[in-house]
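Values in this text are rule-based calculations from the coordinates and carry no lab data. Every value quoted in this text rests on a predicted model; they were computed, and no experiment measured them. Counting neighbours? That spans all protein chains shown, and the Cβs are built from the backbone with ideal geometry, glycine included.
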Amino acid sequence: MDKKTKVNVRIMGNEYTIVGTESEEYINKICFAVDKKMKEISQNPILKPHKVAVLTAINMCDAYYKAKYMNDLSVAELKKTRDELSALKSEIKALEEENRFLKEEFRKNGTR
């Protein structure tokens, strides 16, 4: 089983103990991002804390899905490029074989 990491963090002035399998540095980084986004959203004074939390979750989920979409596009483009590269390598190999054959034919016919 993975080693558990236990980290005490502060988000919006509240203390939380986060337990996970990631490093302490990573957990702190994630919690800092959440705290920063919550503070940004809470600048609107009419928002209650639970609405700040929900809007933060929506904002961060939106960012996640946009990044995932871009990653999926990149993976698809990479696959397409690899397929094209494979096809080009096959074409190069066929052309090299044809070149060898033509050189051999030229050598045979050129010496007559």
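Some observations on this one:
- Charge tally around Glu24: other residues with Cβ under 13 Å, Lys/Arg +1 each, Asp/Glu -1 each, net +2.
- Kirkwood hydrodynamic radius of the stretch 1-64, from inverse mean 1/r over distinct Cα pairs, in Å: 12.7 Å
- In the list (i) 47; (ii) 32; (iii) 58, the label attached to percent of Cα pairs over 25 Å apart as derived from the coordinates here is (iii).
- For the chain, a crude dipole built from +1 on the beta carbon of Lys and Arg and -1 on the beta carbon of Asp and Glu, taken about the Cα centre, is about 120 debye to the nearest 20.
- Entries in Lys39/Lys79; Lys37/Lys79; Lys6/Lys36 that, when Cα-Cα distance is taken, lie over 29 Å: Lys39/Lys79; Lys37/Lys79
- When the chain is described by a simple charge dipole with +1 on each Lys and Arg Cβ and -1 on each Asp and Glu Cβ, the residue from Gly20, Phe32, Phe106 located farthest towards its positive end is Phe32.
- Helical content of the chain, expressed as a calculated mean residue ellipticity at 222 nm, amounts to -26500 deg cm²/dmol (DSSP H runs of 4 or more residues, -39,500 (n - 2.57) each, divided by residue number, nearest 500).
- Between amide H atoms placed 1.01 Å from N, distances below 5 Å from Thr5 occur with Gly20, Thr21, Glu22, all of them 5 or more places distant or on a separate chain.
- Dipole of the chain computed with +1 at Lys/Arg Cβ and -1 at Asp/Glu Cβ about the Cα centre; of Ala67, Val9, Ser90, farthest Cα towards the positive end is Val9.
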